[in-house]
């Protein structure tokens, strides 16, 4: 068994879903492993990771709208606002999603379904540079 690690730096532009499947695949191809397990870990408390449909853009906009309703920006609802009114809603959205994903690697490729992609879900209003730690265990 071999291991490989890296940290992808992903620049988000705004709140919402940003597909990073191509970035992850590019790094995976450089590792020349045919089978294994890739773990992705988002090193932030106001952004998360999702595997979601990557064909219909309405899926992304519907998810974004749903989370806007579920954890709205409302300064009367939250005590924590150290970084502004979108701070606590961002933490809530991260708590309701996930910061870690595991994806099998088969035949040197991510074993994602036909319409699946890997997304960084930015929960803050403005963009940030997000760090996604990758760890590949395989052969």
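Per-structure values
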read-out: Residue within region 55-65 that is loosely packed, with under 12 Cβ neighbours inside 10 Å, over 19 Å from residue 93 (Cβ atoms), touching a strand residue (DSSP E or B) at 6+ places or on another chain (Cβ under 9 Å) and without any contact (Cβ under 8 Å) to a residue 24 or more places away in the chain present; value: no
read-out: Selection status of residue 25, buried (at least 17 other Cβ atoms within 10 Å of the Cβ) and within 20 Å of residue 101 (Cα to Cα); value: no
read-out: Residue check, residue 83 assigned to a loop (DSSP other than H, G, I, E, B), closer than 27 Å to residue 133 by Cα and modelled with pLDDT under 95; value: yes
read-out: Tally of residues being surrounded by 13 or more Cβ atoms within 10 Å (Cβ to Cβ) and touching a strand residue (DSSP E or B) at 6+ places or on another chain (Cβ under 8 Å) across region 92-129; value: 24
read-out: Among (1) surrounded by fewer than 16 Cβ atoms within 10 Å (Cβ to Cβ); (2) modelled with pLDDT of 95 or more, the one test that residue 48 misses; value: (1)
read-out: Unmet criterion (only one of (1) surrounded by 19 or more Cβ atoms within 10 Å (Cβ to Cβ); (2) within 21 Å of residue 97 (Cβ to Cβ)) for residue 36; value: (2)
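The values are calculated or read from the model by the stated rules, or taken from the named source; none is laboratory data. A quick note: this is a predicted structure, and the numbers were derived from the prediction, not measured. Positions of Cβ are generated from backbone atoms using ideal geometry, with glycine treated the same way; all protein chains shown enter the neighbour counts.
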